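In what follows, a single structure is set out as C-alpha cells and then discussed.
The values are calculated or read from the model by the stated rules, or taken from the named source; none is laboratory data. In this text, all values refer to a predicted model and were calculated from it rather than measured experimentally. Backbone-built Cβ (ideal geometry, glycine too); neighbour counts: all protein chains shown. Remember, those area values only see protein heavy atoms, side chains included, never the ligands or the DNA or RNA. Shrake-Rupley method; radii C 1.70, N 1.55, O 1.52, S 1.80 Å.
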Amino acid sequence: MNKLQFYPKTVNFLLFFVFLTLTMQQLVAAETFTSPNQPEWRYSVRPGDNLIHFGQRYLINPDDWRVLQKLNKIKNPERMQLGQVLRVPLALVKQVPAPAEVALATGQAGILKTDKSVQAVTIGQQLTAGTELVTGENSKLNIKFADGSIVSMQPNSTMKLDTLSMYSGGGMVDTKLRLQQGKVETEANPAHLQGNQMQIITPTAVAAVRGTKFRVSADDVSIKQETLEGKVGLSAAGEEVAVDKGFGSLSEGGKPPLPPILLLPAPAIEKLATNLDAIPVTFNIPAQDGAVAWLGNVSTDAQFNSIAATSLSKGANLSFNDLPDGKYYLKVRAQDKQGLEGYDAKHEFNLHARPFAPAANAPTQSAIVREANPDFAWTKIEQANAYLFEMSKDVEFREMIDSRQVASNAYKAEKDLQPGRYFWRLASIDGKNQGPYMVANHFTYKAKPNAPDISQLTVKVERNKVFVTTLNPPEGLVYEAILHNEMNLQKSVWSGSGLSGEFSFLLKEYGKQTLVLRLVDGDGVAGSDAVYEFNASPP
C-alpha cells in the first residue's frame, strides 16, 4: 500500500498558505466594516470579557472575533481593557425575532385580516413581524417594542410590522414599520441605546429615527414628518434630509423632501374656559403667526388614550359635538400652510350641559311687555320633569324678583311688575339634578297709558264743525280720538291721531255723538278709553 507522506517543508508551506488566506479574509472583512455608514453596536467591555468568548456568544460566525480584533486594534484577543468600547458591525451580530406587544387599544383598533375584517387585540398581546394593524374613527393603538419604543397609531391609520429583530442577546433592536396611511406618534429608543434602529416606511418615503419623539403621517402621495425631540432622517427620491428637534419636512408625489421647516409653537390656550355648560363644546383659539388651521383632540384621560372627539378648524373656533357630561382634556396644535403640525398645548375642562337648558319663546329678547304680570313660555326639554324659573332686576341675578320651580314649560307672573327692565332665565331639572342655566333674556315692562282725564273736556259745535278742548296729554304721549254717530248707527265716522289738547273735525251727521279718547305712547301703544257724549243739533 502506498502511503502519502508530507515532508516538513510541505507542511510549513500549507500552514503558511492557510494563515495567509485567513489573514487576507480578515483584512478584507475589517476594511468592509470600517465604513462610517455601516451600522455598529458599541459594546462596553465587562469583567471577564475576551474577544474569543465574545465571538462565541454574540457573532453569527464565532471566528469573526478576528475582524473585531483588527477593527478595534486589539493586540491580545484574550485580554481587553475594562470599560473599553468595542465597535461591532451589526452585520456580524446574531439576530433573533423580537415580538412587539399591545400596550393600549381603544375604540375600533386591531389586526387587519386578509379578508379585511378586524380582529380585536388585548393589552399584552404579542405581535410578530408581518402583522398588519388598523385603527378606526376615534381609535388608538399603542405598540411597545423590545427596546421600550412606543408607536402610537392615531385614528384611521393602517400599519404593518415589517421587521422585528433583536441583536446581541437583546442588547439592540432593529424595527421597520410600513405606514400605509394615517398617522403615528412615536417615542423611539427611550433609553438612547447605541445602535438601535427604527424606520417608518411609507409608500413614498422613509423616516429613519436618530432620536426619540416624532410624528409621521402618510397618504397615497405624500409624507409629513415632525421631530419633537432628537433627530430623524427623512428619505425620498434618493435624497435624505436630517430633521432636527423643532423642525419638520415633507415629501409630495415622490419628490425629494423639503429642507427642514420650523414647527409652530404650542397655541396659547391658558385663558380658555374650564367650566362649560353647552353643546357643542366650542373653544376660541387665539390667532397664531403662520397658522392656517388648528387640530384639536378631546380625551377622557390626560394621556389621550381614549379619544372622545376630534376637530380640525380653519377658523378661530374648535367645536366638539355631543360630548357627555364629565371631565375632559383638550389637546391643540397649529397647522402651517404645508400641513405640518406644531407642538401641543393641553387644557383641562369640565362639561355640565345636561339636562339641557330650554330656549326662551316669550317674551322674546329685548321685547317691550305691556302686561304687569306677563306670560313666559319656553321649549320643552325631553329629559326634564321640572324647570327652575328666575327673574331679576340685574343680569347677575342678585336682585331676585321671582324664583320658583315650574312643572310645565309656561308660567304667568304672580306679582305685578313695576315699569323697568328685567332679566329672566331657566334651568332644566331631571329628578334631583339641575342642568345649566340658559343665557339670560331681558325685556322691558312699560305699562299701558291710563285712560285720559276728561274732567275738563269741552265740546263746541259751530254749524258742522266741532271744536274740542281738554287737558294736554302727559309728556311723551298724544291723543287718539274716534267719533261714533249713534243716531244713525255709524261707527268711526271720524278718527284722528297724534292730537294735542285742542283739535277739531267736521261733522258728517247731526244728532247724538260719542267721542272716544285715549292716550298713545311713543311705541304706538294705546291706553284705556275715555268716552264723552254730546249732541250736535242742526243750525
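Tell me yes or no: at least one residue of segment 431-443 is more than 30 Å from Thr379 (Cβ to Cβ) and either in contact with a helix residue (DSSP H, G or I) (Cβ under 7 Å, 6 or more places away or on another chain) or surrounded by 14 or more Cβ atoms within 10 Å (Cβ to Cβ) (or both). No, every residue in segment 431-443 fails to be more than 30 Å from Thr379 (Cβ to Cβ) and either in contact with a helix residue (DSSP H, G or I) (Cβ under 7 Å, 6 or more places away or on another chain) or surrounded by 14 or more Cβ atoms within 10 Å (Cβ to Cβ) (or both).
Going by the structure shown, is Thr469 under 30 Å from Ala359 (Cα atoms), at pLDDT 95 or above, surrounded by 13 or more Cβ atoms within 10 Å (Cβ to Cβ) and not aromatic (Phe, Trp, Tyr)? No, not satisfied.
The set of residues from segment 287-321 being out of contact with any strand residue (DSSP E or B) (no Cβ under 7 Å at 6 or more places or on another chain) and surrounded by 14 or more Cβ atoms within 10 Å (Cβ to Cβ) comprises just one member, Gly290. Each residue in segment 157-178 was checked for being closer than 17 Å to Leu90 by Cα, polar (S, T, N, Q) and at pLDDT 85 or above, and 3 of them qualify. You will find that of Gln154, Gln119, Gln126, Gln181, the residue that is at pLDDT 95 or above and closer than 30 Å to Gln56 by Cα is Gln126 and no other. Within segment 46-62, residues that are assigned to a helix (DSSP H, G or I) sit with their Cβ atoms under 7 Å from residues that are open to solvent by 100 Å² or more (accessible area, probe 1.4 Å), at 6+ positions apart or across chains, in these pairs: Ile52/Glu78; Pro62/Gln56.
Restricting segment 518-539 to residues that are over 15 Å from Lys465 (Cβ atoms) and among the hydrophobic types (A, V, I, L, M, F, W, C) leaves a set whose member that is nearest to the chain's Cα centre (by Cα) is Val525. The lone criterion from (1) within 30 Å of Phe376 (Cβ to Cβ); (2) open to solvent by less than 60 Å² (accessible area, probe 1.4 Å) left unmet by Val516 is number (1). When Val232, Val206, Val216 are screened for being out of contact with any Phe, Trp or Tyr (no Cβ under 6 Å at 6 or more places or on another chain) and either over 23 Å from Leu104 (Cα atoms) or surrounded by fewer than 23 Cβ atoms within 10 Å (Cβ to Cβ) (or both), only Val206 passes. The set of residues in segment 242-296 being among the β-branched types (Val, Ile, Thr), in a loop (DSSP other than H, G, I, E, B) and within 29 Å of Gly326 (Cα to Cα) consists of Ile269, Thr274, Ile279, Ile285. Residues in segment 322-354 that are touching a strand residue (DSSP E or B) at 6+ places or on another chain (Cβ under 7 Å), part of a loop (DSSP other than H, G, I, E, B) and farther than 22 Å from Leu228 by Cβ: Leu323, Asp325, His352, Ala353, Arg354. Looking only at residues in segment 372-398 that are without any contact (Cβ under 8 Å) to a residue 40 or more places away in the chain, over 25 Å from Asn321 (Cβ atoms) and part of a loop (DSSP other than H, G, I, E, B), the one that is least open to solvent (accessible area, probe 1.4 Å) is Asp394.
Do you know which of the residues in segment 69-86 that are touching a residue at least 40 places away in the same chain (Cβ under 8 Å) and open to solvent by 70 Å² or more (accessible area, probe 1.4 Å) is farthest from Ser165 (Cα to Cα)? Across segment 69-86, the extreme among qualifying residues is Lys70.
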